[in-house]
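Before any comments, here is the structure.
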Amino acid sequence: MDIIKVKDHEELNSVAAKIVIEKVKKNPNATIGFATGGTPLGTYKKMIEDHRQNKTSYRNIRSFNLDEYVGLTPENPNSYRFYMEKNLFSHIDIQKSNIHFPDGTKIDLERECTNYETSIKRFGGIDLQILGIGRNGHIGFNEPGTPFDSQTHIVELTPSTRQANARYFMSINDVPTHALTMGIATILKSKEILLLAFGEEKTEAIHRLMTGDIDEKFPASVLQKHPKVTIVADSKALSEVIASA
Ligand code: PGA
């Protein structure tokens, strides 16, 4: 695992954006796995700035997002599709037909999961997967206990994840109960992983990810097995790792 320690959120955004931009410049047809949540927002802002200033083109990249709520349409401001349009896709030149999400409005969700997995494979897999991390070690919506061999699947969200995400909704009752997510095996198949973490609320999670037992009880620990993971984190998120080194 490569660790890049940054001094603040601003630097995290620049460093992470640079990694994505360089990947896209090197391979204009790259398949990028995107994440939502608070952490990558600034990274996407930097990518937009760079696109405007330096004309980095995303025209031929393919995107696959990690997850989506069940029951929310792309027009719903709380859907992850909406988030990506608002915070990145509508500001860069990615082609609509190259954007992929698991569709949580499909009647046959099992089939949608299989189709999503097939679609990722058809494009040769994900070249670079961006990840955040939950305090409980979740990656995507893979909560503790998710089998390491899981593919894209339907999950029932835990009360703590629904609570954490309630800040984006009118009330916790509006937070969907289920989501579709790439599985742990799907994520592990990515050729390269870029995990971003910021602040003391992620300290324990980063410590367990890097030094804990590889255990399904803490999904992110599986990343220890991946050959090419870069963690970009600030000194607060890294403080326990540094203290125990
Ligand atoms: P956050 O979420 O970026 O909003 O902290 C990360 C996650 O829960 O995966």
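Below are the figures for this structure:
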read-out: Accessible area of Tyr168 in the full protein assembly, 1.4 Å probe (Å², nearest 10); value: 110 Å²
read-out: Rounded to the nearest 10 Å², the accessible area of Thr73 at probe 1.4 Å; value: 60 Å²
read-out: Isotropic mean projected area of the C-alpha convex hull, the chain (nm²); value: 12.2 nm²
read-out: Heavy-atom SASA rank of Arg167, Arg62 (probe 1.4 Å, accessible area, largest first); value: Arg167, Arg62
read-out: Neighbour net charge for Asn136 - beta-carbon separation under 13 angstrom, K R +1, D E -1; value: 0
read-out: By accessible area with a 1.4 Å probe, ligands and nucleic acids excluded, highest first: order of Met210, Met1; value: Met1, Met210
read-out: Antiparallel %, DSSP beta bridges [both residues in the chain], to 5; value: 30 percent
read-out: Given Lys25/Lys191; Lys189/Lys228; Lys23/Lys55; Lys26/Lys46; Lys46/Lys121, the pairs whose alpha carbons are separated by over 20 Å; value: Lys46/Lys121
read-out: Of Asn136, Ile172, Ile206, farthest towards positive along the dipole that unit charges on Lys, Arg, Asp, Glu beta carbons give the chain; value: Ile206
read-out: For segment 205-237 and segment 45-60, distance of Cα centres in Å; value: 30 Å
read-out: Given charges at beta-carbon only (K, R positive; D, E negative), |dipole| of the chain in Debye; value: 860 debye
read-out: Top positive-direction residue, dipole computed over the chain with Cβ charges, set Phe123, Ser150, His100; value: Phe123
read-out: Antiparallel DSSP beta bridges within segment 118-245, percent to nearest 5; value: 40 percent
read-out: Per residue accessible area in Å² of segment 199-245, where ligands, DNA and RNA are left out and the probe is 1.4 Å; value: 48 Å²
read-out: Within the accessible area of the chain (1.4 Å probe), percent carbon and sulfur; value: 51 percent
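The values are calculated or read from the model by the stated rules, or taken from the named source; none is laboratory data. Just so it is clear, the structure is predicted and the values come from calculations on it, not from any experiment. When we count neighbours, we look across all protein chains shown, and the Cβ atoms used for this are built from the backbone with ideal geometry, even at glycine. The protein model used for the area step is the full one, side chains on, heavy atoms only, and it has no ligands, DNA or RNA in it. Shrake-Rupley method; radii C 1.70, N 1.55, O 1.52, S 1.80 Å.
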